[in-house]
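Bear in mind that the values in this text are calculations on the coordinates, not laboratory data. It should be emphasised that the depicted structure is a prediction, and the values quoted were computed from it without experimental measurement. Virtual Cβ from ideal backbone geometry, glycine too; neighbours counted across all protein chains shown.
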Amino acid sequence: MKNWFWLLALVLFSVEAIAQKSKKDTLQRGEAQIITTDSTLFGEIDSLTGKKKEKKFFPVPKTATRLALIPGGGQIYNRDYWKLPIVYIAFGGGLYAYYLNSLKYHDYLDTYRSFYDLDPNSPTYGSIKKGLTPDSTKAIRVRNLLNTNSEMTVATRDQAARGKNYWRRNRGFALIVSGLIYTLSIVEANVAAHLKTFDLSEDLTLRVEPKLNQPAMLTPTPGVRLVFNLK
């Protein structure tokens with residue numbers, strides 16, 4: 001009986017030892033597999049990505065609008081550098097027209113004023129000068145932008161008046177156009193900043209498909225439809 005007891009105890013101890021050894025080995029193998037799998041996964045991710053993806057630029061519309069108060073500033077902020085020549089040429093052309101018309105307006109204005117007595121202390125203040133009539137002519141030096149090729153002409157009082165009114169209207173029109181160009185450059189910078197926040201990637205697709213059922217048609221009618229796919 002004692003022999004059977006020791007034999008049974010020996011068998012139970014051996015089974016428990018084998019079970020503990022197997023469990024330990026299994027856990028070790030499991031841990032090794034987990035470590036191996038993780039390191040392999042990270043290696044594949046690194047080898048696939050290679051370089052870091054560059055962060056896409058998303059302008060802030062409010063900032064673009066504020067910077068556009070300086071002509072071209074909003075376009076520079078939006079990185080639309082190709083628009084700068086358009087903005088500067090258009091805005092500079094408007095200012096050029098304003099300044100040139102202003103020069104010619106003052107030339108005709110000075111000639112028109114020269115027909116009158118403008119001395120406040122003179123008894124004939126505001127009247128045509130003695131020796132002059134409305135049909136008398138006076139020379140006018142019409143300047144260009146740089147005063148390098150002035151044009152000399154003559155005009156009567158009425159011609160000088162019509163000339164000064166004409167160039168004054170042109171000056172006002174050039175000022176309005178310049179203001180519109182300035183305003184449009186600000187609006188364009190704001191709109192461009194908004195559009196740059198939209199997704200324009202290759203995932204946006206458009207295809208044309210046939211369609212049999214048409215709106216407001218009782219019978220099947222062949223036609224086509226445009227289908228946008230957003231992935």
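Quote the relative contact order of the range 61-195 in percent (integer), defining contacts as alpha-carbon pairs under 8 Å separated by 6+ residues.
After rounding, I find 36 percent.
Once you have a ≥ b ≥ c as the square roots of the Cα gyration tensor eigenvalues for the range 61-195, tell me rounded if a/c is under 1.5, and otherwise prolate or oblate according to whether a/b is larger than b/c. Judged from the Cα gyration tensor, the range 61-195 comes out prolate (a/c at least 1.5, a/b above b/c). Loop-located trypsin sites (Lys or Arg not before Pro) in the range 87-144 (DSSP state other than H, G, I, E, B) with a sparse environment of at most 10 neighbouring Cβ atoms within 10 Å: LYS130.
Residues whose amide H comes within less than 5 Å of that of LYS211, counting only those at least five positions distant or on another chain, are GLY223, VAL224, ARG225 (H built at 1.01 Å from N in the peptide plane).
Residues LEU103, LEU84, arranged from fewest to most other Cβ atoms within 10 angstrom of their Cβ, appear as LEU84, LEU103.
Checked against a 29 Å cut-off, the cross-linked pairs LYS83/LYS164; LYS56/LYS83; LYS56/LYS211 give Cα-Cα distances beyond that limit for LYS83/LYS164; LYS56/LYS211.
Coupling constants for the range 161-177 follow from the phi torsions by the Karplus curve (6.51 cos²θ - 1.76 cosθ + 1.60, θ = phi - 60°), and in residue order they are 5, 5, x, 5, 5, 5, 6, 5, 5, 5, 5, x, 5, 5, 5, 5, 4 Hz; glycine and proline get x. The chymotrypsin sites (Phe, Trp or Tyr not before Pro) of the range 101-195 that DSSP puts in a loop, and whose beta carbon has at most 14 other beta carbons within 10 Å, are TYR125.
The fewest-to-most ranking of VAL208, VAL154 by surrounding Cβ atoms within 10 Å reads VAL208, VAL154. Around the amide H of LYS129, modelled in the peptide plane, lie the amide H atoms of TYR116, ASP117, all under 5 Å away and 5 or more residues distant in sequence or on another chain. Counting beta carbons within 10 Å around each of VAL187, VAL87 and listing the fewest first gives the order VAL187, VAL87. Residues in the range 185-190 carry Karplus couplings, in order, of 5, 5, 4, 4, 5, 5 Hz; the curve used is 6.51 cos²θ - 1.76 cosθ + 1.60 with θ = phi - 60°, and Gly or Pro positions show x.
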